[in-house]
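The values are calculated or read from the model by the stated rules, or taken from the named source; none is laboratory data. Quick caveat: nothing in here was measured; it's all calculated off a predicted structure. Every residue, glycine as well, gets a Cβ built from its backbone with ideal geometry; the counts of neighbours run over all protein chains shown. For accessibility, only protein heavy atoms count, side chains too; no ligands or nucleic acids. Shrake-Rupley method; radii C 1.70, N 1.55, O 1.52, S 1.80 Å.
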Amino acid sequence: MQVNVKKLLLLVSLISGAFAVNAEQITLRVADQKGNMRAQLEAANKLDNLPYKIEWSEFPAAAPLAEALNAQAVDVGIIGDAPLLFAEAAGAQVKAIAVDKSDAYGTALLVKADSPVKSAADLKGKSIATNRGSIGHFVALKALASAGLTAKDVTFRFLPPSDAKLALTQGSVDVWATWEPYTAFAETQDHLRVVVNGRGLWSGNSFLAATDTALKDKAKREAIADYLQRLSDSQVWAYKNLDAYSEKLAKIIGFPLDAAKLGFERRKSYWQTIDAATETQQQQTADFYHAQGLLPVALNVSGTFDHSFLLK
């Protein structure tokens, strides 16, 4: 049988071209929080030569990001452990595919410098501003429990970060429960004081979560796996090049350099695959929220993880 080499080469070229076109047509819709992921990727040049396109959406907090995941408006996003639970309890078809471990200090309760609140026990009778279902909300509840108090002993006002900070500085509330980089900004620019930090109260876990729809799409699944590895590599780079990264981060999120650097540096974050210890921590968080009456039903979190995404 004779083979027409020219025709064979033309066929190979056409097939390769078709794959290239398909790759270019893949758009990964990524939900970020205040420059969290994008800043690292851009600073480390990990967005160069992408085999797919990225459509970015930035959210001020996890609650609206979770709503976007639930509505299938985005494919993948970074979200704290508590907001992820609320999304799943609301029926969101998403899976956590990797965990970002960090020092929990910056998820904290803040007060004005002259506030009489000095400890968790002093929270009784006070008003606390935070996002409902956020990691700030979680740490506030944990802080109350550590002092033998409950949510009934305080008044919660559920506000987004910018409104919550304004409420505190203007005296409308006594305490603001928030997270990085807002905590670092509040300390360095507004001279607010951390009265309770998240160490020992919060796991420090945030997740990269993807919709079931995106995960079932082979091309998008491959893009998500590639994105995750780039994200992990960029975070390693960021800590090795802290000054250069902090400058990039400050510009992207519109924060002063000292606030951006402090918020990132003390988190000491690193990405890893989902392990048994992380599942146990997430189940404990779910059980705590259910006991607090914020999750209407008990959740078994084992089905909310996809263990097939591995990091090098």
*Can you name the residue in segment 277-309 that is closer than 19 Å to V94 by Cα, part of a loop (DSSP other than H, G, I, E, B) and among the polar types (S, T, N, Q) and, of all such residues, is least open to solvent (accessible area, probe 1.4 Å)?*
S308
*asked:* So, in segment 231-241, how many residues would count as being over 16 Å from E55 (Cα atoms) and either in contact (Cβ under 8 Å) with a residue 60 or more places away in the chain or in a loop (DSSP other than H, G, I, E, B) (or both)?
replied: 7
*Within the bounds of segment 261-276, is there any residue that is part of a loop (DSSP other than H, G, I, E, B), touching a strand residue (DSSP E or B) at 6+ places or on another chain (Cβ under 6 Å), polar (S, T, N, Q) and under 26 Å from T183 (Cβ atoms)?*
yes
*Filter result (out of contact with any Lys or Arg (no Cβ under 7 Å at 6 or more places or on another chain) and modelled with pLDDT of 95 or more) within segment 152-167*: K152, T155, F156, R157, L159, D163, A164, K165, L166
*Which residues, taken from segment 168-178, are open to solvent by less than 40 Å² (accessible area, probe 1.4 Å) and out of contact with any Leu (no Cβ under 6 Å at 6 or more places or on another chain)?*
L168, V173, T178
*Counting just the residues of segment 66-110 that are free of Cβ contacts under 8 Å to residues at least 24 places away in the same chain and farther than 23 Å from Q283 by Cβ, which one comes out most open to solvent (accessible area, probe 1.4 Å)?*
E67
_Flag for A244 being over 20 Å from the mean Cα position of the chain (by Cα), touching a residue at least 24 places away in the same chain (Cβ under 8 Å), in a helix (DSSP H, G or I) and surrounded by fewer than 17 Cβ atoms within 10 Å (Cβ to Cβ)_ = yes
*Has segment 117-131 got any residue that is assigned by the TED database to the domain that holds E187 and at pLDDT below 95?*
yes
*Near pairs, Cβ below 7 angstrom, 6+ apart or cross-chain, from segment 267-281 (touching a residue at least 12 places away in the same chain (Cβ under 8 Å)) to any residue that is open to solvent by 60 Å² or more (accessible area, probe 1.4 Å) and part of a helix (DSSP H, G or I)*: E279/S302
_For the condition touching a strand residue (DSSP E or B) at 6+ places or on another chain (Cβ under 7 Å), among the basic types (K, R) and not in a strand (DSSP E or B), what is the one hit in K312, K251, K220?_
K220
*Working only within segment 127-142, note down all residues that are open to solvent by 10 Å² or more (accessible area, probe 1.4 Å) and over 17 Å from A104 (Cα atoms).*
S127, N131, R132
*Among the residues of segment 196-229, count how many are open to solvent by less than 20 Å² (accessible area, probe 1.4 Å) and within 11 Å of V76 (Cα to Cα).*
11
*Return the pairs, sorted by first residue and then second, in which the second residue is assigned to a strand (DSSP E or B) and open to solvent by 40 Å² or more (accessible area, probe 1.4 Å), the first residue lies in segment 35-56 and is in the same structural domain as Y245 (by the TED database) and acidic (D, E), the beta carbons are less than 7 Å apart, and the residues are 6+ apart or on different chains.*
E55/T27; E55/R29
*Out of (1) open to solvent by 20 Å² or more (accessible area, probe 1.4 Å); (2) at pLDDT below 95, the odd one out for R193 is which?*
(2)
*asked:* Going by what's in this entry, would T213 be described as more than 23 Å from K46 (Cβ to Cβ) and outside the structural domain of K95 (by the TED database)?
replied: no
*Taking into account only those residues within segment 25-64 that are closer than 21 Å to A225 by Cβ and under 11 Å from the mean Cα position of the chain (by Cα), which is surrounded by the fewest Cβ atoms within 10 Å (Cβ to Cβ)?*
D32
